[in-house]
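Q: Structure in structure tokens, see below.
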């Protein structure tokens with residue numbers, strides 16, 4: 001978990017300015033009609049933060065934690081991230097993730113092994129869910145900057 005937390009901290013130090021440097025028009029452009037724009041990708045990461053926030057807190061007292069699956073396409077389209085201000089999206093993403101980093105840092109290690117069952121995905125421990133959250137975020141950030 002220590003490595004994931006260090007990676008998470010580094011992301012929050014280095015990525016926000018890189019995101020803001022993209023600009024609203026470029027962030028709104030779709031690479032093709034079937035793929036998300038950068039605004040929609042960042043919206044997806046905000047949704048991921050919201051869903052995982054629940055998991056990180058609830059799974060500390062629920063073992064097993066039974067969570068709902070995240071219907072990503074519906075969430076992204078229903079919130080119309082494509083029409084929202086890029087600056088506001090970047091700030092929301094940053095502040096939400098600063099809070100999640102704090103939550104993970106103060107999480108007692110004795111809850112790491114708690115079982116999480118999310119939808120029909122294979123079960124994971126709370127620690128694995130937290131590590132996967134950072135890996136998932138990095139994957140989509142790499143996609144945005146490629």
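Q: Among 129, 115, what is the fewest-to-most ranking by other Cβ atoms within 10 Å?
A: Values: 129 22, 115 16.
Final ranking by Cβ density, sparse to dense: 115, 129.
Q: Also: Can you tell me the 0 to 90 degree angle between the C-alpha axis of helix 38-58 and the longest principal axis of the chain, rounded to 10?
A: It is inclined by approximately 20 degrees.
Q: Taking every pair of alpha-carbon atoms in the stretch 8-94, give the share separated by more than 19 Å as a whole percent. Intermediate values should be presented prior to the final figure.
A: Details: 1714 of 3741 pairs.
Tail fraction, whole percent: 46.
Q: Something else about it: For the stretch 63-103, what mean projected area does the convex hull of the alpha carbons give, in nm²?
A: Details: hull surface 16.4 nm².
Projected area, direction-averaged: 4.1 nm².
Q: To the nearest 10 degrees, how steep is helix 126-145 against the longest Cα principal axis of the chain, on a 0 to 90 scale?
A: For 126-145 against the chain, the angle is about 10 degrees.
Q: Now a separate question. What's the long-distance tail for the stretch 84-146, i.e. % of Cα pairs beyond 19 Å?
A: Values: 893 of 1953 pairs.
Result for the distance tail: 46 percent.
Q: Same structure again: What Kirkwood hydrodynamic radius do you get for the chain when you take the inverse of the mean 1/r over all pairs of distinct Cα atoms, in Å? Please report the intermediate quantities before stating the final value.
A: Details: mean 1/r = 0.0631 Å⁻¹.
Averaging 1/r across every pair of different Cα atoms and inverting gives 15.8 Å.
Coordinate-derived values only; no laboratory data. This structure is a prediction, so every number in the text was calculated from the model and none was measured. Reconstructed Cβ throughout: ideal geometry from the backbone, glycine too, with neighbour counts over all protein chains shown.
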